[in-house]
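Engineer: Mind having a look at this structure? Questions to follow.
The values are calculated or read from the model by the stated rules, or taken from the named source; none is laboratory data. Bear in mind that the values here come from a model prediction, so they are computed numbers and not experimental data. Positions of Cβ are generated from backbone atoms using ideal geometry, with glycine treated the same way; all protein chains shown enter the neighbour counts.
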Amino acid sequence: MGFEGEKILRPVCGQEYRITAEWEGRNCRLSLVNMSDRAVRPGKITVLEMDMPFPADTPVYGEGYNKLCQYGGTVGNVKPMSYFGDSAHYRLPVPEGLGQVYNMVRFDPEDGDSLLMGFASCSRFSGEFWFDETDLKVVLNLEGIEILSGETVELEAFFAAEGSAHELEALFAAAIGENHPMLSSEEIPTGWCSWLVYGPNVTAGNIYDTLDAIKDRGLNLKYIQLDDGYQSHMGDWLSTTEAFEGGIEKLCLAIKEQGFEPAIWAAPFIAEEESEVFRTHPDWFVKDEEGKPLASNRVSFGGWRCGPWYMLDGTHPDARAHLTRVFRTMREKWKVKYFKLDANMWGALPFGVRFDRNKTCVEAYRMGMKAILEGAGYDSFLLGCNAPMWPSLGVVHGMRITNDNSRSFETFARLAKECFPRNWQNNRLWINDPDTVLLRNDDLTVLDPGGEQQRVDSRLTREEFLFNAAYTLASGGMVLSSDNIGEFTEQNAADLRKLLPPRGTAAVFESADYSVGRICLDGETILCVFNYDDFEKDFEVEIRERAEAADFWTEQSMGVWEAGVRRLRLTGHSAEVIRLYVNKM
């Protein structure tokens, strides 16, 4: 923890403004003072800079602006970890010739301590890191807000420290918590989601059938989450299709009557052109320079269904009142307390003109989210999905931290490697959502990344499905099924029961390949070993103290394991989960 940020990171001042950096240990408060005799409107500005202390081949991990985006590679070759890059997918600008990540960056040299730097707040301005083999720049996007002559603007809190990756992540989370306390939740949600089995063609009958199936199989699932497909148009969240005769209120009350809790999907910051909300109130949406509503496909991704989408303006007071009204109706009349909020990214895209021109996209989004919280209630559960990561700090209870799941091993493996670098966020920033767990083969129609429907004929092995279940367990987060419960075998039901209730503790992994992780609980350790490869492979695992071992899924004893290194052989596309009971010895 010897990194001396005050001595190494230099404040960068422009011709018209001065940056001040007040360090207290590893934490720094940044501010900008307009030194000119006129108002200024800065865009992206470098606030701190330093010489790059690491060689080009040093591994790097960086966060994205959007939850779908993460960055890996090296100092000399930073690259997105998935095809949903901030630049390629959402068309956010990139600096020419420099590596770019958002919110936080961690350098992991093989022969020394890691260095983590990140923004410990995101109240107004989005942060970025630009770097190459020579220099590193810490950047904030002020988005052209007006700063008067002599005015001082408080910027975002900053953090920098050296040490082990796991220690740094805990310290960084604590620093974030000082500025954005995690919203409290009574529980880690469990339930069932309609999306991956019924998609946008879901009906009320599907929901009633699922309620019966869950009860018949004795599954302790609380929330029944109705996903995309119930609404008449994107944007009109209180009106429904003909597939829900009597409306969603009737269905939600029926769910409660049967002993479950209704949960609802909505995308509060978007609307399609044919929606009533857009046709009636076009002034509530982000505009172009001519004052016309700005379709998102002109500046970014247009939307995966019923696009192009228009972006609700969180700075417009009537738009915020609308959000409060919609979610208060869902809460008070529909009795919903769990809300999956999708497409939140469209509330925080840094494009277009807003009602309040002196608010940034981060402020606009957070203003909209607080209006939703006012309607839904702070004792509800708000899940951010396809959301901007750091702008969501302190305004969601849970956060999807991966792409969508699907019935393919390639997807299972990719989601694990997206989720595990974010395990440190679980129960510190929010409750992590690893997306729904899948346990059985189903033939169904799903949406591909471009929004087109495609038929999936999935024939995975039980070992591959248990890989997905082990990943869900190792995430430490939410557990929602999205299978056809009515077709569950007893084995399917038994596997799902092993994940319930969620442990709430995420696995800590020993290396960047995320193959060996440990969930440390009172009296036991759950060892999770993942083989992402197509072929059989040996893993050397350190057993830290003498313990009684048992297979997690079957509870079959594996004998007493002595302290030392133990070799485990796993078939391709599989995971092994072992409970180590120390207190029994």
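A quick yes/no check of all residues on (1) surrounded by fewer than 22 Cβ atoms within 10 Å (Cβ to Cβ); (2) out of contact with any Pro (no Cβ under 7 Å at 6 or more places or on another chain):
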{"residue": "254", "(1), (2)": "yes, yes"}
{"residue": "258", "(1), (2)": "yes, yes"}
{"residue": "264", "(1), (2)": "no, yes"}
{"residue": "293", "(1), (2)": "yes, no"}
{"residue": "297", "(1), (2)": "yes, no"}
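Engineer: Which residue out of 132, 111 is touching a residue at least 60 places away in the same chain (Cβ under 8 Å) and not assigned by TED's automatic domain parsing to the domain that holds residue 394? I'd like the intermediate steps shown before the answer.
Structural biologist: Details: 111 fails: touching a residue at least 60 places away in the same chain (Cβ under 8 Å).
Of the residues listed, the single one that is touching a residue at least 60 places away in the same chain (Cβ under 8 Å) and not assigned by TED's automatic domain parsing to the domain that holds residue 394 is 132.
Engineer: Quick check on my filter: what residues within the range 148-165 are of a type in the set (Gly, Ala, Ser) and over 30 Å from residue 111 (Cα atoms)? Don't jump to the end; show me each part of the working.
Structural biologist: Of the residues in the range 148-165, the ones of a type in the set (Gly, Ala, Ser) are 149-150, 157, 160-161, 163-165.
The answer is 149, 150.
Engineer: Moving on to the next point. I'm trying to understand the selection: among the residues of the range 259-287, which are free of Cβ contacts under 8 Å to residues at least 60 places away in the same chain, closer than 29 Å to residue 191 by Cα and in a strand (DSSP E or B)?
Structural biologist: 271
Engineer: Still on this structure, I have one more. Can you list the strands (runs of 3 or more DSSP E) lying wholly within the range 32-122 that have 2 or more residues being in contact with a Ser or Thr (Cβ under 6 Å, 6 or more places away or on another chain) and within 26 Å of residue 157 (Cα to Cα)?
Structural biologist: Numbers: elements: 44-51, 60-63, 70-74, 77-80, 99-107, 114-119.
Per the criteria, 99-107.
Engineer: Would you pick out the residues in the range 517-543 that are more than 20 Å from residue 499 (Cβ to Cβ) and either out of contact with any Lys or Arg (no Cβ under 9 Å at 6 or more places or on another chain) or small (Gly, Ala, Ser) (or both)?
Structural biologist: Residues satisfying the conditions are 533, 534, 535.
Engineer: List every residue pair whose Cβ atoms lie under 8 Å apart, where the two residues are 6 or more positions apart in sequence or sit on different chains, the first residue falls within the range 153-173 and is on the phi > 0 side of the Ramachandran plot, and the second residue, located anywhere, is acidic (Asp, Glu).
Structural biologist: Qualifying pairs under 8 Å: 163/113.
Engineer: Among the residues of the range 368-375, is there at least one that is surrounded by 24 or more Cβ atoms within 10 Å (Cβ to Cβ), over 28 Å from residue 42 (Cβ atoms) and not assigned by TED's automatic domain parsing to the domain that holds residue 534?
Structural biologist: Yes, the range 368-375 has at least one match.
Engineer: When residue 23 is evaluated against the numbered criteria (1) part of a strand (DSSP E or B); (2) within 30 Å of residue 349 (Cβ to Cβ); (3) touching an Asp or Glu at 6+ places or on another chain (Cβ under 8 Å), which criterion, by number, is the only one it fails?
Structural biologist: Just one mismatch for residue 23, condition (2).
Engineer: What number of residues within the range 528-585 are part of a loop (DSSP other than H, G, I, E, B) and of a type outside the set (S, T, N, Q)? Please lay out each step first, then the result.
Structural biologist: In the first step, residues of the range 528-585 are kept if they are part of a loop (DSSP other than H, G, I, E, B); the result is 532-536, 544-546, 552-556, 562-563, 571-573, 582-585.
Going one step further and asking which of them are of a type outside the set (S, T, N, Q), we end up with 532-536, 544-546, 552-553, 555, 562-563, 572-573, 582, 584-585.
Final tally of qualifying residues: 18.
Engineer: Continuing with this model, one more query. Name the residues in the range 335-349 that are part of a loop (DSSP other than H, G, I, E, B) and crowded, with 21+ Cβ neighbours inside 10 Å, would you? Steps first, please.
Structural biologist: As a first pass, look at the range 335-349 and keep what is part of a loop (DSSP other than H, G, I, E, B): 335-337, 342-343, 348-349.
The answer is 336, 342, 343, 348, 349.
Engineer: Let me ask something additional. Could you list, in sequence order, all residues of the range 424-438 that are closer than 26 Å to residue 407 by Cα and part of a loop (DSSP other than H, G, I, E, B)?
Structural biologist: The answer is 434, 435, 436, 438.
Engineer: Go through 476, 517, 564 for me and flag whichever is on the phi > 0 side of the Ramachandran plot and within 26 Å of the chain's Cα centre (by Cα).
Structural biologist: On the way: 517 fails: on the phi > 0 side of the Ramachandran plot; 564 fails: within 26 Å of the chain's Cα centre (by Cα).
Within the list 476, 517, 564, the selection yields 476.
Engineer: Okay, next question. Pick out the one residue from 359, 337 that is within 25 Å of the chain's Cα centre (by Cα), at pLDDT 95 or above and over 30 Å from residue 84 (Cα atoms). Step through it out loud before you land on a result.
Structural biologist: Working: 359 fails: over 30 Å from residue 84 (Cα atoms).
Checking each option against the conditions leaves just 337.
Engineer: With respect to the numbered conditions (1) crowded, with 18+ Cβ neighbours inside 10 Å; (2) under 21 Å from residue 333 (Cβ atoms), which one is the sole condition not fulfilled by residue 242?
Structural biologist: Only one criterion is unmet by residue 242, namely (1).
Engineer: Would you confirm, using the coordinates I've provided, whether residue 157 is part of a strand (DSSP E or B), touching a strand residue (DSSP E or B) at 6+ places or on another chain (Cβ under 8 Å) and within 24 Å of residue 315 (Cα to Cα)?
Structural biologist: Criteria met by residue 157.
Engineer: Do we find a residue being surrounded by fewer than 13 Cβ atoms within 10 Å (Cβ to Cβ) and over 26 Å from residue 195 (Cβ atoms) anywhere in the range 490-507?
Structural biologist: no
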